[in-house]
Every structure is written in structure tokens, then in C-alpha cells.
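In what follows, a single structure is set out as C-alpha cells and then discussed.
The values are calculated or read from the model by the stated rules, or taken from the named source; none is laboratory data. Source: prediction; values computed, not measured. Reconstructed Cβ throughout: ideal geometry from the backbone, glycine too, with neighbour counts over all protein chains shown.
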Amino acid sequence: MGEVILRASQVTKEYRSRRGPLVRALRGVSIAVEAGRTLGIVGESGCGKSTLARLLVGLEPATSGTVELLGRPVAPPRGGRSPFARTVQLVFQDPFSSLDPRLTVVSALAEVLKVHGLATSREARRARAAALLEMVALGPRFLDRYPHELSGGQAQRVAIARALAVEPRLLVLDEPTSALDVSVRAEVMNLLVRLQDELGLSYVFISHDLAMVRHLSDEIAVMYLGAVVEQGPYGPVLESSLHPYTAALAAAVPVPDTTRHVHRDGRPPGSEAPPLTGEPPAGCPYHPRCALAEPVCTTVRPTLDELLPGHLAACHVAARRVAVAPGAPPVPG
Amino acid sequence: MADALLELRGVRIGMRERRRQREIVRGVDLAVAVGEKLGIVGESGSGKTLTALSVLGLLPSPPLRLLAGRITYDGRLLNELDDKALAAVRGAEIAMVYQDPMTSLNPLLRIRTQITETLRAHGADRAEAAERTRQVLGQVGLADPERVERAFPHELSGGMLQRVMIAMALAGSPRVLIADEPTTALDVTIQQQILELVEDLQVRTGMAVVWVTHDLGVVARLVDRVAVMYAGRVVEEAATADLFARPSHPYTAALLGSLPQTSTGHRDRLTQIGGTPPDPTRLAAGCPFRWRCPYAFDRCTEEEPPLLERGSSRAACWKEPAAWAR
């Protein structure tokens, strides 16, 4: 096992409002990211994946549990800037809303360098900005452009360059390709792979696009209603899923290949979207949508256990099937 | 096509300025038959949404307008109907579902009111309208149709609203459903339910479907025939299976290559399409894809290719796929 860059242990996050119920966005999430590796996080909207992203970079405090970066606990900055900003950076979905429309590319990059005291003179900052652009395969001619003069793919590359300015160890990428045109997504994905190989970066890659998550991630954590329900290496998690929710999610992705749509894929994952707020039902939170649910699932909440080496799932049915026949795929395909 | 239910011929959409005309959709021919599902694929700015909006006279006008072309539905020329006649077609015969449900529902009215209003406008009596509203809300897989009926739009999630929009579109039992990225903002599980619902209805009622999307996965899953749009024109049209097996336009081939597929190795380099889609109002002469095309040659800079027959497909490319190997 390599060096652990980031570790979250039993993290919970609750939001209280004056009126209305307590919202429990995260219910005890534990994840770890090793140096140079990618953890993919998938799940439907409302599962808590973006809340987790904000906690991981210290933008918000956890209600309970700990987040540690390089062994030091992460806390949100009080007033000033976070001491963790040099270690972890967040890249958002929409590059245009994360770039100041009034700043040229060089000013946006220079601002970061200045704040962190990374380049003292104006010339040094410009030179460093040009070098950062080169890392994301943009030429020096982009230095003096404004965000509106950039395409979506170019703007996202500038946002990545800005995140790299502080030489972080970890990037938290929250849907980094979702706002981009199909033809430029590949370019950003290739860039992320190259940067990881060259700089030894670690990534937390959050997306609802399972094909992209599969492509980039070493490990995948599947979230449902604020909790991780399955976790493990990308291949086993997506291709021989232990949790019926993962299987349903993977089956629901339309594959761009007509030869694979001869039959209707998978089982319908249930008739209702997960509730965005309020309490999930007793027992397993997935049981109302689950085709395999048994009486025990309505009363006892399953724990996330290592059912196969390195492969965790929170499912009574999967746990029993693995115990009975360790070789057989637990969810009928 | 003789049996076309809805047909677009030479559709041009754009702005008329003092001296010149700026076109965003530059001559589109499309047709959909009874019971057929047509996909329109393209990236942002390709003109796919405007093409869809033009059918029911819903272009944001001014500044945009139908500059030329004929839109025929069941023998009637839609683009020459007056507002009243067009309103009778809308909803009852051709229904449209938009990408963003929040902007197409009235925030001040209960869901029930909005659906029954549409039905009443097309001649249903109060009891019929109420009955049909309950029925369609159940059909789109909403778990608690009675609650949804009484709700205001802000009380529902995005997925629920999109299903309400689809229910509303289906309430009038239209013969053509035009859907503009209706599932793009939704989770894949909800998307799957909606695709299944549309397929079911389509099989049961013979409704024709025009599905506008950028998602090739949805195309593979849902439609029979695909039109790929680029820079305001259809650059390839083919049966879905043919398009995926043998793309006839380099842009289609590049789009397919840029997606991680089951056969793509983990972290392998994906095929990039260099550059970005052009602005269709500022095109130079020649093929608008030639800047990004690995197979472009002299002719491509001189003359924009028309849609040419390529086996069972049509593609706007001077080179046959067999000649792509430079």
C-alpha cells in the first residue's frame, strides 16, 4: 500500500435549518486515497458526493468524524486561507463560473501565485503562468485572453492549471467533464491521465458519468443516500458488482454501442428517485428500490464489510451469497 | 419520403440583418414516419435545438426566424399556419418536451391545473381532463401521482418535474413527440425509466419520436435512425446500427472514438478531436469540419460537400470511408 494522501474516517455532515427537518447529507463515510492513485465516486444526485468533495478540501467542517491530509486533520480556514490549499485543490464542473470573467488568464494564475508567495516578481509570475499553461497544453498566446475568449475545454484546462499552480498532491475533481461538449471531453480526460503520470498526483474523481469514472479510477466508491454502499477496484465494482444498487446503476447507463442493446438492460431500479431530504427507511436504505430485498433488509441496516479481498459492500443478500459461494457473482447479471 | 408524418425541407434559421443574413441552421432536411424514432445528435451550437423548436414555430423570435424551408406535418404546411391553427397542432398532435422543466412550467400553478388546462384547451371536458391527468402522471412512473398533482413546481425534484413535463406532453396523445435533451439533467436510473416509458408508449400508440441529444449512448439505446448535426447542417444520416458499425462522416467516427467504450483499455488515450465546433454564422468556404478532420484534402477547403449517398447512409463528406486511410 502506498502513502495515504487523504483519509476520511466516519465522516458525517448534517445541515440544520430553522424550519424543516434535519438533513443528514453524509452518514459515516470512510475513504482513503493513496499517492498517485484515483478514487472515483459515483452516485445519483442527492447522494452526498458533492458535499463530500467540499469536506475533503476543507471548505466545510464535518459534523463528526475526521478528514486527514498527509496525516494532519483538515479544518475549514478561520478567516485566512486554508493551510491545506497547498496540498489539495478542487476543480469544479463549470469552468466559466469558477473563473473571474474580468481577469485574463495570466492574472488569474498570477493571483494564486501571489497569494501563496510562490513567485515574487511580475516577470516571474508571468513565466510561471506560461509554464503552467504549457502543462495543460495551452500555448503562451492564451496568457492574455479573458474567459469569454476561451472554449469550454480551454477554460477547464485553465482551471486545472490554476489548481496546479500551488503544486498540490491531490485534486478533487467534481464532474470536471460534465459541462463540456462531447468532442472535448476526451481532451480533458487525456490531460488528467497525463498530469497524473507526470506529476504523481492523486485524484478524487466525482462524476455521474460511469464510463468516465471507470476510465480514470483505480478504486471506485458508490454512494447512496449519504453512505458508501460499495467500494473496491474499478473492474470488480462495475463488472461484478456486489451491491444491487451498483448493478442497477451500471445497467442504467446507455452504452454507445447498438450491439449491446439487443435486450433491455438490467432490472428497473425502482419507481422512485431517492428522497433528497428526510430520513431513509429503516433497515437498508436501498430496500424500497431493491429487487432482491428480503425481510431482514427492512429492519437491519447492513454494514460496509469486506466481502471479497479489497471489495466492500453493505448488503445482506450479497454477504450471504458470497459466504455460500465465494466464486459466484453475487448479483445475478 | 412518401410516408413521412413530419418532414423538414431546406430549413434555414437565423437572423436577418440590414445587409446580410446570418444563418445558424443552414439547410436541414429531416423526416420522421409514423411509429419511427429519429435521433438528432450534435454538440452545443450545432443547431439541433433550433431545428426542433422551428417545427412548432417556437423559435426565439426576434431575433431568430425561419429564413427558408418547408415544415410539413400530415400534409399541412406548418410554417404557413397562423398562430391559432398552430396552437391547435401544438400539444394535441405534436408535443414538445424541453431540456429545462423549471422554465417551462408556471411556478404559480399546481401541476394539476397546468395539465388539465392544456387538455381543456384541446376540447376535453372537466371530468375527462381530471381523469386523464391522473392517468398520465401514473404512467410516467411517479410514485405518488395524487401528491404530485396537488404540488407546485418548486415542491418537486428535477427528475419529478421532467416526468411531469413528459406526462404533460403525452396527455394529449400526440402523434409526434419532440424531446430536446429531456434526460440530460437527470440521473441515469431516472433516464432509463423515461426511455422505457417513451418506448412503451411508442410501441402502444405508434407515436413518432424526435429525440434531440448529445448522448450517443441514449441514441444507441432508443432511436431507429440518427441525424448527426454539425455547424448548422446534417452531416450524416443513417440507421442507428449502421451509424455505430460504419460511420460515414469523419465527425461521427471521431465522436464515437472519443468515448471510453468497453473495449477501451483503462486509462488508454481517448481519441481527441482537436479544436472546437465552429460558429455557424462565421464559416469560411468549404467543409466546416475540415479544420478538425484528419482526412481533409484540397477539395474540402473549396467546396462544402452536400449529403451524398454512402451505402445505406448519407454523409456530407467528399471522401468515402474506404478512402479515409489518407
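Restricting the stretch B:283-301 to residues that are within 14 Å of chain A (Cβ to nearest Cβ) and under 27 Å from the mean Cα position of the chain (by Cα), which is surrounded by the fewest Cβ atoms within 10 Å (Cβ to Cβ)? Explain how you work it out, then say what you get.
Step one: of the stretch B:283-301, the residues within 14 Å of chain A (Cβ to nearest Cβ) are B:288-289, B:291-294.
Now restrict to residues that are under 27 Å from the mean Cα position of the chain (by Cα): B:288-289, B:291-293.
Working: B:Pro288: 24, B:Phe289: 26, B:Trp291: 16, B:Arg292: 19, B:Cys293: 22.
That would be B:Trp291.
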Conditions (1) over 21 Å from B:Leu6 (Cα atoms); (2) not assigned by TED's automatic domain parsing to the domain that holds B:Leu78: number failed by B:Val228: (1)
Unmet criterion (only one of (1) away from chain B (no Cβ under 14 Å); (2) closer than 16 Å to A:Ala314 by Cβ) for A:Cys47: (1)
Test for A:Ser97: is it assigned to a helix (DSSP H, G or I), in the same structural domain as A:Ile206 (by TED's automatic domain parsing) and under 30 Å from A:Val29 (Cα atoms): yes
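Under the condition of being of a type in the set (Lys, Arg) and part of a strand (DSSP E or B), which residue from the stretch B:192-234 is farthest from the other protein chains (Cβ to nearest Cβ)? If you could, list the steps in order and put the result at the bottom.
Quick first cut of the stretch B:192-234, residues of a type in the set (Lys, Arg) only: B:204, B:221, B:225, B:233.
Cutting the leftovers down to part of a strand (DSSP E or B) gives us B:225, B:233.
On the way: B:Arg225: 12, B:Arg233: 16 Å.
So the residue we want is B:Arg233.
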Complete set of residues in the stretch B:192-251 that are closer than 26 Å to B:Asp74 by Cβ and among the aromatic types (Phe, Trp, Tyr): B:Trp211
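Within the stretch A:140-148, is there a residue that is under 28 Å from A:Gln10 (Cα atoms), more than 14 Å from every other protein chain (Cβ to nearest Cβ), surrounded by 15 or more Cβ atoms within 10 Å (Cβ to Cβ) and touching an Asp or Glu at 6+ places or on another chain (Cβ under 8 Å)?
So the first thing to find is which residues in the stretch A:140-148 are under 28 Å from A:Gln10 (Cα atoms), and the list is none.
No, the stretch A:140-148 contains no residue that is under 28 Å from A:Gln10 (Cα atoms), more than 14 Å from every other protein chain (Cβ to nearest Cβ), surrounded by 15 or more Cβ atoms within 10 Å (Cβ to Cβ) and touching an Asp or Glu at 6+ places or on another chain (Cβ under 8 Å).
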Out of A:Ala62, A:Ala53, A:Ala75, sole residue that is in contact with an Asp or Glu (Cβ under 6 Å, 6 or more places away or on another chain) and outside any strand (DSSP E or B): A:Ala53
Test set (1) touching a Phe, Trp or Tyr at 6+ places or on another chain (Cβ under 6 Å); (2) over 25 Å from A:Leu210 (Cα atoms) - B:Ala231 fails condition number: (1)
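On the given criteria, is B:Thr189 buried (at least 18 other Cβ atoms within 10 Å of the Cβ), more than 23 Å from the chain's Cα centre (by Cα) and on the phi < 0 side of the Ramachandran plot? Write out each step before concluding.
Details: buried (at least 18 other Cβ atoms within 10 Å of the Cβ): yes; more than 23 Å from the chain's Cα centre (by Cα): no; on the phi < 0 side of the Ramachandran plot: yes.
Considered against the rule, which asks whether it is buried (at least 18 other Cβ atoms within 10 Å of the Cβ), more than 23 Å from the chain's Cα centre (by Cα) and on the phi < 0 side of the Ramachandran plot, B:Thr189 comes out as no.
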Filter result for B:Gly206 (on the phi > 0 side of the Ramachandran plot and touching a strand residue (DSSP E or B) at 6+ places or on another chain (Cβ under 6 Å)): no
Subset of the stretch B:259-282 that is more than 21 Å from A:Val193 (Cβ to Cβ) and charged (D, E, K, R) - its residue that is farthest from the chain's Cα centre (by Cα): B:Arg282
Residues located in the stretch B:237-276, provided they are at the interface with chain A (Cβ under 7 Å from one of its Cβ atoms) and crowded, with 24+ Cβ neighbours inside 10 Å: B:Leu255, B:Ile273
Identity of the residue in the stretch A:200-213, in contact (Cβ under 8 Å) with a residue 40 or more places away in the chain and either outside the structural domain of A:Ala165 (by TED's automatic domain parsing) or out of contact with any strand residue (DSSP E or B) (no Cβ under 8 Å at 6 or more places or on another chain) (or both), that ends up farthest from A:Thr246 (Cα to Cα): A:Gly200
Any hit, the stretch A:216-237, residues being within 10 Å of another protein chain (Cβ to nearest Cβ), part of a helix (DSSP H, G or I) and of a type in the set (Asp, Glu): no
Selection from the stretch A:15-36 of residues that are buried (at least 19 other Cβ atoms within 10 Å of the Cβ) and either within 14 Å of chain B (Cβ to nearest Cβ) or among the aliphatic types (A, V, I, L, M) (or both): A:Ala25, A:Leu26, A:Val29, A:Ile31, A:Val33
Residue match in the stretch B:255-272 (condition: under 16 Å from B:Trp324 (Cα atoms) and touching a Lys or Arg at 6+ places or on another chain (Cβ under 7 Å)): no
Residue in the stretch A:111-139 that is surrounded by the most Cβ atoms within 10 Å (Cβ to Cβ), counting only those that are within 21 Å of A:Leu195 (Cβ to Cβ) and of a type in the set (Gly, Ala, Ser): A:Ala129
Condition met for A:Pro101 (within 14 Å of chain B (Cβ to nearest Cβ) and in contact (Cβ under 8 Å) with a residue 40 or more places away in the chain): no
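Here is a yes/no grid of residues against (1) surrounded by 14 or more Cβ atoms within 10 Å (Cβ to Cβ); (2) of a type in the set (A, V, I, L, M):
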position	(1), (2)
B:Glu80	no, no
B:Leu86	yes, yes
B:Ala92	yes, yes
B:Gln99	yes, no
Qualifying positions in the stretch A:161-215 - more than 11 Å from chain B (Cβ to nearest Cβ) and assigned to a helix (DSSP H, G or I): A:Ala161, A:Arg162, A:Ala163, A:Leu164, A:Leu195, A:Glu198, A:Leu199
Hits in the stretch B:19-62 (condition: in a strand (DSSP E or B) and either more than 14 Å from the chain's Cα centre (by Cα) or of a type in the set (Lys, Arg) (or both)): B:Gln21, B:Arg22, B:Glu23, B:Ile24, B:Arg26, B:Gly27, B:Ala33, B:Lys37
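Could you say which residue among B:Val203, B:Val234 is at pLDDT 85 or above, surrounded by fewer than 22 Cβ atoms within 10 Å (Cβ to Cβ) and of a type in the set (Val, Ile, Thr)?
Working: B:Val234 fails: surrounded by fewer than 22 Cβ atoms within 10 Å (Cβ to Cβ).
Of the residues listed, the single one that is at pLDDT 85 or above, surrounded by fewer than 22 Cβ atoms within 10 Å (Cβ to Cβ) and of a type in the set (Val, Ile, Thr) is B:Val203.
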Any hit, the stretch A:140-154, residues being within 30 Å of A:Glu34 (Cα to Cα), hydrophobic (A, V, I, L, M, F, W, C) and in a helix (DSSP H, G or I): no
Selection within the stretch A:249-280 - surrounded by 16 or more Cβ atoms within 10 Å (Cβ to Cβ), out of contact with any Phe, Trp or Tyr (no Cβ under 9 Å at 6 or more places or on another chain), modelled with pLDDT of 60 or more and not in a helix (DSSP H, G or I): A:Val253, A:Pro254, A:Val255
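Rundown of residues vs (1) over 19 Å from A:Leu173 (Cα atoms); (2) of a type in the set (Ser, Thr, Tyr), yes/no style:
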| position | (1), (2) |
| --- | --- |
| A:Thr104 | yes, yes |
| A:Leu113 | yes, no |
| A:Ala119 | yes, no |
| A:Arg122 | yes, no |
| A:Arg141 | yes, no |
| A:Leu150 | yes, no |
| A:Ala155 | no, no |
